[in-house]
Amino acid sequence: MTDTELKHTNPQIGLTADEVASRVAEGKINGEQTIKTKSIPQILRENILTFFNFIFVAFAVILLFFTVFEFGADGKVTAQFNIGILGNFGFMILIVGNCAVGVIQGIRSKLTMDKLSLLSAPKAVVVRDGEETEINIESIVLDDLMVLSTGKQICADGIVVDGSIEVNESLITGEPDAILKNPGDEVMSGSFVVSGKAKCQVTHIGQDNFVMKISSGAKYFKRPSSEIWRSLMFVTKFMSIVIIPVGIALFLIKYLGQQGDLSDTVIKTLGTLIGMMPSGLVALATTVFCVSVIRLSKHKTNAQDLYCIETLARVDVLCLDKTGTITEGTMEVNRVESTLDESEVKQLLKDFTHALDAEDATSMAIKDFVADLSPTREHSGIVPFSSARKWSGATFDEVSYVLGAPEFVFRNLDDDKQEKISAMAEQGYRVLVLAKAQRAFDGQNLPDGLELVAYVYITDKIRAEAPDTLRYFREQGVTVKIISGDNPATVRAVALRAGLEDCDNIIDMSTVADDQIEDIAEKYTIFGRVLPDQKLALVKALKKHGHTVAMTGDGVNDVLALKEADCSVAMASGSDAAKNVSSLVLLDSNFASMPKVVEEGRRSINNLERSASLYLMKTLYNTMLAVLFMIVPFDLPFEPRHLTLISSVTIGIPSVVLALEPNKDRVSGHFLPKVLSHALPGSITVVLGAVAVIIANACFLKDLRLEQVQSLYLVLTTFVGLMYLFKVSMPFNWIHVLNFVAMIGIFVAFYFIDLGFFSTIEYFGLDKDFTMDMIYAILAIGAVLLVAFVGLLFATKGVNKKEDSNLVKLLKKANVI
C-alpha cells in the first residue's frame, strides 16, 4: 500500500467496530503468520500410505486367502485356521511397528513445536473505538492502530503515526543494533521494540507482510537429506521392482512347470519374496533413530526429522549465525580503562545506571557489570538516551556525567583518543566514554567543558560453551563458516574471541555480485552483511561443491537457508518460522547440544551399518535362492513362518541389541556399499548350503520327507546366520557374548516349547524328526560352510567400498550417496 492509498486512522480513536467488521468481511485480516507444523493426518498419511507398506499388505491379503482357505482337487473350498497359519503373518508385526514408531515420533515432535509456538505466541495491543484492546495477531485488520512499547513484537508491517520507538530487526536483517523509528517511518513484522512507545498504523496484513514474503519461499517439501534414508528407499524400490518378475516367474515355473500344489506354491513363493524385502531394516533404522531422538530430548534437543541426526554426523561444513549461536544476543562490559581506580569508575556507573533506569542492551550490560554494588547518590536530573544523540546523562552533586559514543560526546577527538578507539573497535569492542563537567545540562544538550573519566569497552557476550563446541567441530574435520548480517569486522572479532580459526579470511557480502557467490563460498570463512537470499545462495553453492551442509539460525532471515541446508538447526528463542522449517530445535537455545547430536548420529550410523548387513544378507540370499530354485526341480525351502524364525534369532533380536550400543567412532565411507560388501560372504554361504542340501537330498538322503528337507534348510541357514552374527559381534564384550549365546538357546528352545494354548513348533512349522543321517549331513555341510564363509570373508574384503568401485559410481549417479 502506497502513501497515497493509505487511509489515515485517527491516532486517538483507531478503527471503529463497524470498520473492523467491514475489513474482516473483505478479507483484510492478518490470519495465520507462521509456517505450520505438519498436521496429524499428514503425519499418518506419510507413515502409513507408503509403497513399502502397500506391498506387504498385498502379500498379507494373498497369504490370508491361500492359508485360511484350502482348495481341493474337486473344486471345493474349505476354511481353516490354526496357530501355524498365524505364524506365516509374523512379518506384519514389523510393518505395524514401523508405522507406529514413525507416527508416534512425528506427533510427539509436532506437539513439542506447537507447544513452543503457543508459549511464544505474541499478542497485539490495538486502539479500537478509542480504547486499547489486546487481541490475537490473527485478528489484526488493515489500518488497525497498533500500540507498540518496550518488549513487544511487531506483528504486522506498519507506519509510525505517533511517538517514537527503537526497534531490533535482527530476526529479519541479522543486524543487532537498535534502529530509531519516528512518525512516518516504516516498521516491519517480525522485529521487536527495544525502547519507547508509539502507535503504528497497519499497512500490510497476511501474506503481504514482510516476514511472510521472506518465509514463503520455505513452504516447499524437501525430502530428508539422509544417505541411510536414501539407501533404504533405493533398496526397497529396487527390490519392489525385482520381486514382481521374479515372483511371477518363480510361481509359474513351480506351479505349471513342476506341477506344484497351488496353495503350497503360493505360500512358499510369497515366503521367498518376503525374504527378499528388507522390511526389518526399515523398522530397525526407524527404531534406532527414534531412540536417538528420545535421548536427545533429555539434552533439550527436539528432532523434527528422524534422519537429521545422521545427516549432522556426516556434515563437513557448518554454517553458523553469529547472534544467538556464538553469542547470547546480549552485551557485556569487558573492562573499563581510566586514571581512576576501577572501583571508583564502577561506583560512578552504578549511580549513573540507577538514575537512568534504562533497559536497552547497553544499559543492561553495564548493570550486570556493577550488579554487586549499591547506589550511593541521588540524581538531581537526567537526560534519557536517544539514538539521535547517542548519549545519556545524569547530574549528581552539581556535577554532570555523560555516557555515550565518543564521537558524539566529544566534538573534536584528538589523535590519541581516535587511535585508541579505532584499535578497540577493530577488536570487536563497542567503545563508550564516561565524561563529566562541572556545569549543568543545557536542556537536552551537552554541557561545556567535558572531561574524559573512563573508557567502557562493551562487546557481544560469547556463549560459554561456544569455544569448546567450535573446537569439537574443528577436531572432527568440520569446516565452520560464520554467515551474519552484521559488520564483517565485528563478526571477525567475535569469532576470534570464540576461538574460530582462519578469522582473517573475511568478506563483505554487500560488495559481492550474485554470479560471484559460487566461487567465494569455498574461499572465505566469515561472511558479513549477508542478505537472506545470499544466505540461501551460499548454502546452495556449498552443496554444489559436494559438501554436506548444516546451518544454524533463529531469524526469519535464516528461513530459506535453513530449509535448503542438509541439516538445519534452530534456537527455541528464535522465530516460529525458523523453528518450524528446521530439522533440529535446541529447546534451551544451547549451542553445546550439537556435539551430542553428532555423537548420537555416529552411534546410529556405525551400529546400523553393522546391523544392516544382517538384513541385506537375508535379502541377497533369498534373491539368489529364488534364481536357484527356478533352475532346479526341487520344492522351495521356506514358508514365511520359517523365515520369521530365522530372522528372529539371526537378525531381528540381535540387531536391536547391537544397534543401540554406545559408539563414538568417526563415520567413514558410504552406507550401502559397506553393508552390501559385508553381507555378501554370508549370502553366498547360505546359497552354498542350499546347494549342498539339494545334492544330499538327491544322492544320499532320498527317503526324507518334505518337512525333514525343510528342516535341513532351516538349521543350516540359521547356522550361517549365527556365524555371521558372530563376525559382526566382534570385538566381543559381555553383552555380545550374552546376545550370541541367547540366540542359540532361543533357537533350540523353539523346538521344545509347547504351552498348550501356544506351541512354537506349530507356530513356526518345525519338524523334530531328525534322523542320524540328517545330523551327520548337518555336521558335514556345516563344517564345509564354515571354511567357505571364512574364505569368502577374505575374498570379498574391501569389495564395493572404494570410491572408484563401479557400485559406488552407480549409486552416486543415482543420487543415493
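The numbers here are math on the coordinates, done by the rules we state, and not lab data. Small disclaimer: the values here were computed from a predicted structure and weren't measured. Note that we place each Cβ from the backbone using ideal geometry, even for glycine, and neighbour counts take in every protein chain shown.
Could you size up the charge dipole of the range 493-532 around its Cα centre, putting +1 on the beta carbon of Lys and Arg and -1 on that of Asp and Glu, and report it in debye to the nearest 20?
Values: 3 positive and 9 negative charges, 62 e Å.
The calculation lands at about 300 debye.
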Longest principal axis of the chain (C-alpha) makes with the long axis of helix 734-749 (C-alpha) an angle, in degrees to the nearest 10, of 40 degrees
Evaluate the charge dipole of the range 265-373 about its Cα centre and quote only its size in Debye, nearest 20, assuming +1 on the Cβ of each Lys and Arg and -1 on the Cβ of each Asp and Glu. 1240 debye
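Expressed as a rounded percentage, what relative contact order does the range 381-515 have, with Cα pairs under 8 Å and six or more residues apart? Working shown, then result.
Numbers: 177 pairs, mean separation 24.3, N = 135.
Relative contact order of the range 381-515: 18 percent.
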Antiparallel versus total DSSP beta bridges in the chain: what percent is that, nearest 5? 80 percent
Calculated from DSSP helices alone, with each H run of at least 4 adding -39500 (n - 2.57) and the total divided by the residues of the chain, [θ]222 nm to the nearest 500 comes to -15500 deg cm²/dmol
For Cα pairs less than 8 Å apart in space and 6+ apart in sequence, what is the mean separation divided by the residue count of the chain, i.e. the relative contact order in percent? 14 percent
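Please say if the range 609-653 is rounded, prolate or oblate, where rounded means a/c under 1.5 for a ≥ b ≥ c the square roots of the C-alpha gyration tensor eigenvalues, and otherwise the choice is prolate for a/b larger than b/c and oblate otherwise? Don't skip to the answer; put the middle values down first.
On the way: a/c = 4.70, a/b = 1.67, b/c = 2.82.
Verdict is oblate for the range 609-653.
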List the relative contact order of the range 302-395 as a percent without decimals, with contacts defined as Cα pairs under 8 Å and 6+ residues apart. 22 percent
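Taking the Cα centre of the chain as the origin, how large is its charge dipole in debye, to the nearest 20, when only Lys and Arg (+1) and Asp and Glu (-1) carry charge on their Cβ atoms? If you can, show how the numbers build up before the last one.
Details: 76 positive and 94 negative charges, 746 e Å.
It works out to roughly 3580 debye.
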How much length, in nm to one decimal, is gained on full extension between Arg666 and Asn182, taken as 0.36 nm per residue of separation minus their Cα-Cα distance? 168.7 nm
Any chance you could give the angle, 0 to 90 degrees and rounded to 10, that helix 262-276 forms with the longest Cα principal axis of the chain? 40 degrees
Determine, from the Cβ-Cβ distance of Val57 and Glu501 and an R0 of 51 Å, the FRET efficiency 1/(1 + (r/R0)^6), rounded to the nearest 0.05. 0.40
Among Tyr621, Leu256, Ile605, which residue has its Cα furthest toward the positive end of the charge dipole of the chain, with +1 on Lys/Arg Cβ and -1 on Asp/Glu Cβ? Leu256
Can you compute the modelled spin-label distance between Phe726 and Lys420, with each label point 7 Å from Cα toward Cβ, in nm? 7.9 nm
Just to confirm the number: angle between the C-alpha axis of helix 51-68 and the first principal axis of the chain, 0 to 90 degrees, nearest 10? 30 degrees
Sort 683-693, 251-261, 371-381 by packing, meaning the average of other beta carbons within 10 Å per residue, with the highest value first. 683-693, 251-261, 371-381
Mind checking which lysines have their Cα closer than 19 Å to the Cα of Lys110? Skip sequence neighbours fewer than 8 apart in that chain. Lys36, Lys38, Lys219, Lys222, Lys298, Lys300, Lys563, Lys579
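What shape does the range 389-485 have by the C-alpha gyration tensor, where a ≥ b ≥ c are the square roots of the eigenvalues, rounded means a/c under 1.5, and otherwise prolate means a/b greater than b/c and oblate the rest?
Details: a/c = 3.64, a/b = 2.76, b/c = 1.32.
Taking the square roots of the gyration eigenvalues as a ≥ b ≥ c, the range 389-485 is prolate.
With r as the distance between the Cβ atoms of Glu26 and Glu138 and R0 = 25 Å, compute the FRET efficiency 1/(1 + (r/R0)^6) and round to 0.05.
Numbers: r = 16 Å, r/R0 = 0.64.
Plugging the Cβ-Cβ distance into 1/(1 + (r/R0)^6) gives 0.95.
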Could you tell me whether the chain comes out rounded, prolate or oblate from its Cα gyration tensor? Rule is a ≥ b ≥ c as square roots of the eigenvalues, rounded for a/c under 1.5, then prolate if a/b exceeds b/c, otherwise oblate. prolate
Using the beta-carbon distance between Ala440 and Thr16 and R0 = 41 Å, what value does 1/(1 + (r/R0)^6) give for FRET efficiency, to the nearest 0.05? 0.25
